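Down below is the structure, laid out as structure tokens.
Since every read-out is calculated from the coordinates, none of them should be taken as a lab result. Predicted model only: the values in this text are computed from it and were never measured. A quick note on method: Cβ atoms are made from the backbone with ideal geometry, for glycine too, and the neighbour counts reach across all protein chains shown.
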Amino acid sequence: MTANPAPRTFPAGFAWGAATAAYQIEGAVAEDGRTPSIWDTFSHTPGKVANGDTGDTAIGHYHRFREDVRMMADLGLTAYRFSISWPRVQPTGRGPAVERGLDFYRALVDELLTHGIAPVATLYHWDLPQELESAGGWPVRETAYRFADYTALAAEALGDRVSTWTTLNEPWCSAFLGYGSGVHAPGRTDPADALKAAHHLNLGHGLAVGALRAALPADAQLAVSLNLHAVRPRSADAGDLEAARRIDAVGNRIFTSPMLKGRYDEDLLADTGHLVKWDELVHDGDLAEISRPIDVLGLNYYNPTVISSAANAKDLPRQDGHGASSHSPWPGAEDVAFHLANENVTAMGWPIDPTGLSDTLLALHHEFGVPLLVTENGAAFEDVAGPDGSVHDPERTAYLRDHLAAISEAIAGGADVRGYFLWSLMDNFEWAYGYEKRFGIIRVDYDTLVRTPKSSAHWYADVIRRGALD
Ligand code: FCB
């Protein structure tokens, strides 16, 4: 029997995009009134980021954005996802907006629109103003209200020209890597604080959706970007199924259930009830706020997550997916082990398996029936640059092609996937890994900041031109 060839086309209007985030590319951290974020503090703390790297200069996008938009136009991108730096538009996280900070984003957006590229703005890609962290950070309820205020300022300034907004990027990372394992800023390691942060991020999302709806035209598209874990039990053993259930609860449903169903699931509350008093944490009205309708759900996908009980994992190789820490980012699910889905891994050590992407898109489609965007997907490899800065990166091209094919399969299966934002447009500051890991389809020389499209960029431009995979 011959299998049908995989479907490789995309619907009309499918957004062909790329993504970046403010702290990873902008630099100019002390210009035009910007104040430090938790990532400035964290990256300047010895031992937190590989090689002592910081985002002080990053890739200089703040001063080179016109050149960067021109490269996007050369690629034929139809959309671009960037994030707004909270401490740049509202220094210290309180009070009025700083016009010079907003002017940067106005100019960026105008440049995108001039080139026919639709801007997609993320309001929070991890750069909490340090002053708000010093006042307690996301474990404190007040931070959610600060986020809503900042959102209103951004929406007022940019709402006439940005029609697609995502509130939070990967709140799982903010809560559980930031306050649980501590491998991300602000580097705290308290499981109760991590759970409180998760609730307040959810609340901040809901309040921000309210602020956006109040400020934006009725046709604005509102979203959130979640790094949902494509959870796979390693076997049908009861212990492995239980381990997978726990990770799904604290990794995925802690966000999707309140946001899309207006509730926290009973099993999550039971798994974590020894750590936080949920009935005190969640106030009356919070779940109605958090479940304000969104228009599209953003999925960030890199690899599947294979899970067993710790007892079943003795002597088996483990996967370390989220940086080395003796503190778990999985409160209530400590007796769990992670395994590689296969040995074919990227430079991050992440296994390559596009079926996790199609499975997750189809599962989201069936469970929630919402339109979907893939707001991040991509891979780091050990690029070797020629003397002219050129990089031949067939592995990255293969990764992107196979994941786009998986999206096309999910669409053929009924999922309403409206666009793809590859991570990342350019090499950049990869959080705790500093500049060691390169995800870009455009090479950046970190000494000269010269940009050079890699062969994967030429391949992507060709896909966009044809609107189909070959
Ligand atoms: C995601 C982040 C993004 C980037 C990629 C590789 O978790 O949202 O900023 O670092 O991973």
H44: net charge of surrounding residues, Cβ under 12 Å, Lys/Arg +1, Asp/Glu -1, itself excluded? -2
Could you tell me which of rounded, prolate or oblate describes the range 193-235, using a ≥ b ≥ c as the square roots of the eigenvalues of the alpha-carbon gyration tensor, with rounded for a/c under 1.5 and, failing that, prolate when a/b is larger than b/c and oblate otherwise? oblate
Between the alpha-carbon centers of the range 348-367 and the range 381-415, tell me the distance in whole angstrom. 16
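Within the set of other residues whose C-beta is less than 14 Å from the C-beta of F65, count the net charge using Lys and Arg as +1 and Asp and Glu as -1.
Working: positive: R64, R66, R70, R88, R106, R451; negative: E26, E31, D32, E67, D68, D103, D110, E111.
Taking every other residue near F65 into account, the sum is -2.
May I ask for the net charge around V29, where only other residues with Cβ less than 11 Å from the Cβ of V29 are counted and Lys, Arg are +1 while Asp, Glu are -1?
Values: positive: R34, R88; negative: E26, E31, D32, D40, D56, D127.
Charge balance in the 11 Å sphere: -4.
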If unit charges are put on Cβ atoms (+1 for Lys and Arg, -1 for Asp and Glu) and the dipole of the range 414-459 is taken about its Cα centre, the option from Y420, I442, A432 lying farthest towards the positive end turns out to be Y420
Any lysines with Cα under 18 Å of the K437 Cα? List them, leaving off those in the same chain fewer than 8 positions away. K48, K454
Computed magnitude of the charge dipole of the chain (debye, nearest 20; Cβ of K, R +1, Cβ of D, E -1): 600
So which DSSP H runs in the chain come out at 30 Å plus along the axis (Cα) with average Kyte-Doolittle of at least 1.6? none
Ordered by number, the GluC sites (Glu not before Pro) in the range 342-407 that occupy a DSSP loop and have at most 15 other Cβ atoms within 10 Å are E343, E382
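Please work out whether the chain counts as rounded, prolate or oblate from its C-alpha gyration tensor, where a ≥ b ≥ c are the square roots of the eigenvalues and a/c under 1.5 means rounded, while otherwise a/b larger than b/c means prolate and anything else oblate?
rounded
Counting other C-beta atoms within 10 Å, and keeping those with at most 15, which DSSP coil GluC sites (Glu not before Pro) do you find in the range 1-85? Don't jump to the answer; show the numbers that get you there.
Details: sites: E26, E31, E67; in loops: E26, E31.
Of the GluC sites (Glu not before Pro), the ones in loops of the range 1-85 whose Cβ has at most 15 other Cβ atoms within 10 Å are E31.
Rounded to the nearest 500, what is the 222 nm mean residue ellipticity of the chain from helices alone, with -39500 (n - 2.57) per DSSP H run of 4+ residues and division by all residues? Mind showing how you got there, number by number?
Numbers: 16 runs with 172 residues, N = 470.
Calculated at 222 nm, the ellipticity per residue is -11000 deg cm²/dmol.
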Measuring from centroid to centroid over Cα atoms, what is the spacing of the range 153-196 and the range 60-125 in Å? 18
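If the viscosity is 1.306 mPa s and the temperature 10 °C, what translational diffusion coefficient in µm²/s does Stokes-Einstein give for the range 245-393 when Rh comes from Kirkwood over Cα pairs? Intermediate results must be reported in sequence, preceding the final value.
On the way: Rh = 18.1 Å.
Result for D is 88 µm²/s.
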